[in-house]
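Shown next, in structure tokens, is the structure this report addresses.
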Amino acid sequence: MTSDEKGELWMPGKDWRAELIAAVQPENYRYDEPMSRHTSFRIGGPADLMIEVETPDELARTVEYCRKSGIFWFLLGRGTNLLVKDEGIRGVVLKLGREFSRISVEGKKIRVGAAVSLAKVAEQAARNGLAGLEFASGIPGSVGGAVFMNAGAYGREMQDVVSAVHLYRPGKGFSIYRREKLGFSYRSSRLQTEEAICLEVVLELAAGEEAQIRQEMGELNSRRREKQPMEYPSAGSVFKRPPGDFAGRLIEEAGLKGKQVGQAQVAPKHAGFIINLGGAAAQDVLDLMALVREEVHRKSGVWLEPEIRVLGDD
């Protein structure tokens, strides 16, 4: 939850949603939307209000209304790196709509809306003989989410291909940040500390041969299918890679592969993943994460840091 100007905790009244809708007039919105429908974990209680913002102006109006009214808001991408608690979200969840789903190729650059899936952009790059996004072809998140967390795989990250990002900064307006201003680091970017919203991304790639690009994409995706539990709902790697090591290796060494709490399980195929065996509650996942962290620390002295984001009200 957020605090108002007096420092008091905001509590939703019965009419706040109707007042917001009347003020912002969004085209698409839903009350009490189950977040299990919008996360790759297939877990999560209801959000009080979900609004699919269709234009940058609609986004700005909604965010600023929430800011001034002390209403908690959260921008949801494709929900691939997120665990929503069973109690759901008290406030507004925003999703980017049609104007954020465009792709255009301009020479060696691709201009893409933040709502587009990373895999779709990688496919578009391959079709146009542009190399550099092969690593991203199997990453299930959106472009905006990938920039926000500097997503990466197989030795490459978004910072290697991002040229510029068009943003909305709450309370400050629209901006363009060049790569050097984005503060990229391992699974992090300046967008996280500023709570800036990614609207559009310009990717700068290299000329390549489509056949060679597709071959590399195929090889990487084959490795993913072989090593990752893609047959179960999950949120990808649960913990960040500790310096000089791998979370999955430490978890496996601690004897936790296959460990289960409720319907949540440390994946037998890859200990860095927690999977939903069917009907897992968020609390199952949280309890299993806590158990893993404590046991790994007891065995190796390393405290694993979560990579997935946990959101929701207790």
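The values are calculated or read from the model by the stated rules, or taken from the named source; none is laboratory data. Quick caveat: nothing in here was measured; it's all calculated off a predicted structure. Using ideal geometry, Cβ is built from the backbone for each residue, glycine included, and neighbour counts are taken over all protein chains shown.
With respect to Gly44, is the statement that it is at positive phi, among the small types (Gly, Ala, Ser) and at pLDDT below 95 true? Considered against the rule, which asks whether it is at positive phi, among the small types (Gly, Ala, Ser) and at pLDDT below 95, Gly44 comes out as no.
Which fully enclosed strands (runs of 3 or more DSSP E) of the stretch 143-222 have 2 or more residues being surrounded by fewer than 17 Cβ atoms within 10 Å (Cβ to Cβ)? Reasoning before the result, please.
Working: elements: 162-169, 173-178, 197-204.
The strands (runs of 3 or more DSSP E) meeting that bar are 162-169, 173-178.
Considering the stretch 58-84, the residues that are out of contact with any strand residue (DSSP E or B) (no Cβ under 7 Å at 6 or more places or on another chain) and among the charged types (D, E, K, R) include one that is nearest to Ser142 (Cα to Cα), namely Glu58.
In the stretch 1-32, of all residues being at pLDDT below 90 and of a type in the set (Gly, Ala, Ser), the one that is nearest to Leu311 (Cα to Cα) corresponds to Ser3.
With the condition kept exactly as written, say whether any residue in the stretch 266-275 is loosely packed, with under 15 Cβ neighbours inside 10 Å, outside any strand (DSSP E or B) and either assigned by TED's automatic domain parsing to the domain that holds Gly77 or on the phi < 0 side of the Ramachandran plot (or both). Within the stretch 266-275, one or more residues are loosely packed, with under 15 Cβ neighbours inside 10 Å, outside any strand (DSSP E or B) and either assigned by TED's automatic domain parsing to the domain that holds Gly77 or on the phi < 0 side of the Ramachandran plot (or both).
From the list Arg241, Arg293, Arg249, the one residue that fits, being modelled with pLDDT under 95 and within 25 Å of Asn150 (Cα to Cα), is Arg241.
Which is basic (Lys, Arg), crowded, with 18+ Cβ neighbours inside 10 Å and within 25 Å of Tyr29 (Cβ to Cβ), of Arg78, Arg67?
Values: Arg67 fails: crowded, with 18+ Cβ neighbours inside 10 Å.
Only one candidate qualifies: Arg78.
Filtered by the rule that a residue be in contact with a strand residue (DSSP E or B) (Cβ under 8 Å, 6 or more places away or on another chain) and under 21 Å from Arg178 (Cα atoms), the stretch 105-124 gives Val105, Lys108, Lys109, Ile110, Arg111, Val112, Gly113, Ala114, Ala115, Val116, Leu118, Val121.
Is there a residue being more than 21 Å from Ser234 (Cβ to Cβ), modelled with pLDDT of 95 or more and assigned by TED's automatic domain parsing to the domain that holds Glu27 anywhere in the stretch 80-87?
Looking through the stretch 80-87, at least one residue is more than 21 Å from Ser234 (Cβ to Cβ), modelled with pLDDT of 95 or more and assigned by TED's automatic domain parsing to the domain that holds Glu27.
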